[in-house]
Amino acid sequence: MDDEDDNHGTGPLLSIGGFARWVGLAPSALRFYDDCDVLRPARVDETTGYRYYDRAQRSRAVALRRLRAAGLPLGEVGVVLDGEPEEARRVLHAHLLRTRDLAEAARAAVEEALGALPGGGGRAVAVVGGPELASALRQVAPAVARGAAREEFPVLGNVLVELDGQEVRLVATDRYRLAVRVLPGRSMAGGPGRALVDADLLADLGDWALRGTDVRIEVEVEGEGEGEEGVDGGRAVLCADGGPRRALTGGQGTFPSYRTMLDALAPVRTRVITDRGALRAALGGWHGEDAVRLRARERELALGRGDSEPAVLPAVRTGPPQDLAFDPAVLLPALDASVGPDVLLEIASAAEPVVVRSADQGSFTTLVMPVHGHPSDV
């Protein structure tokens, strides 16, 4: 038996053994913390060397135990216990970020190992930034089919969630628009995974995702995944910063293969860059049932209907002039979902989908169909 385990103290002092049991620390740990000058005993017997502790030291000892259990280095424990509150907060926040990164790296390694085991396919995991995910949901939402289009093609009321390589992609289309947002994965594990999520279930996720620094996305695919015909419904599970898991049921049907759509695009002949806000305001002024004619000239973009006076915007054009028409109700949401002050229009012809993207940020792309028919008729 340890001699110091007997209570030789008087009054309120506790022996090292009694104090250790009271605060949940081993006597050897208390000796170590004494040697490190982190938790000194209230009194040390000069003859025997026995250590005695005051009951008032309990709160410090418990805090010390908890900090060490959380993995905080001993050198930083003293800063938290004895430093200024602002410095203590800085140290704890930095440690929280370190432990989160280590835990995520460990989880990714385990997920990758699990995915490599027989029968582990069909599941992918990614961690993305919460604000970035909220932005992506806002950007693809306008391209989801609504109303009659959704009734005719229910599968287009879903958003495709795709985890592949080091990227997460959100895709939506209503046949007249195709929106693709690419998010870099902070960590990825498992093989490629794809799932369809009902857009109505995603409607309230924007604010929820904003509240989390990180959002973990797990995708389990039911069926054969993506082939020539597209993607079948699956299941996605989201979890923000270790909070409750949110299971999102996959939609029914086969989602169109967006890669096939992109690969089938005709070569771009003309690129036009103009102020996004100005173009949006001009289109808003022409809002209505009729299409709006866009004429890309050398240094300007003209918008108008019929013989009315056109609105003229400064623009930069490369390639031949273009003359095409859009339904404002289709083009306006694409502009609203874009980011940055300038918008880039990539045009193949008046009858081909036009690529609408930020002039300097390429992570979000929208395809918008022009109105069929000769623009001179508009």
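The values are calculated or read from the model by the stated rules, or taken from the named source; none is laboratory data. As the structure is a computational prediction, the values presented were derived from the model and not from experiment. Don't worry about glycine lacking a Cβ; one is built from the backbone with ideal geometry, like all the others, and counts go over all protein chains shown. Ligands, DNA and RNA are stripped out before the accessible areas are found, and what is left, the full protein with its side chains, is counted by its heavy atoms. Shrake-Rupley method; radii C 1.70, N 1.55, O 1.52, S 1.80 Å.
Annotations
- The simple spin-label model puts a point 7 Å past each Cα toward its Cβ; for residue 151 and residue 297 those points are separated by 4.5 nm.
- Residues whose amide H comes within less than 5 Å of that of residue 50, counting only those at least five positions distant or on another chain, are 45 (H built at 1.01 Å from N in the peptide plane).
- Potential lengthening between residue 94 and residue 213 on full extension [0.36 nm per residue; Cα-Cα distance subtracted]: 41.4 nm
- Whole-percent carbon and sulfur share, accessible surface of region 35-105, 1.4 Å: 52
- Listed values for region 149-161 are Karplus-derived 3J(HN,Hα) couplings in whole Hz (6.51 cos²θ - 1.76 cosθ + 1.60, θ = phi - 60°), namely 4, 6, 5, 6, 10, x, 5, 6, x, 10, 10, 7, 10, and x replaces Gly and Pro.
- Two-site FRET efficiency, residue 164 against residue 264, from Cβ-Cβ distance with R₀ of 25 Å, rounded to 0.05: 0.80
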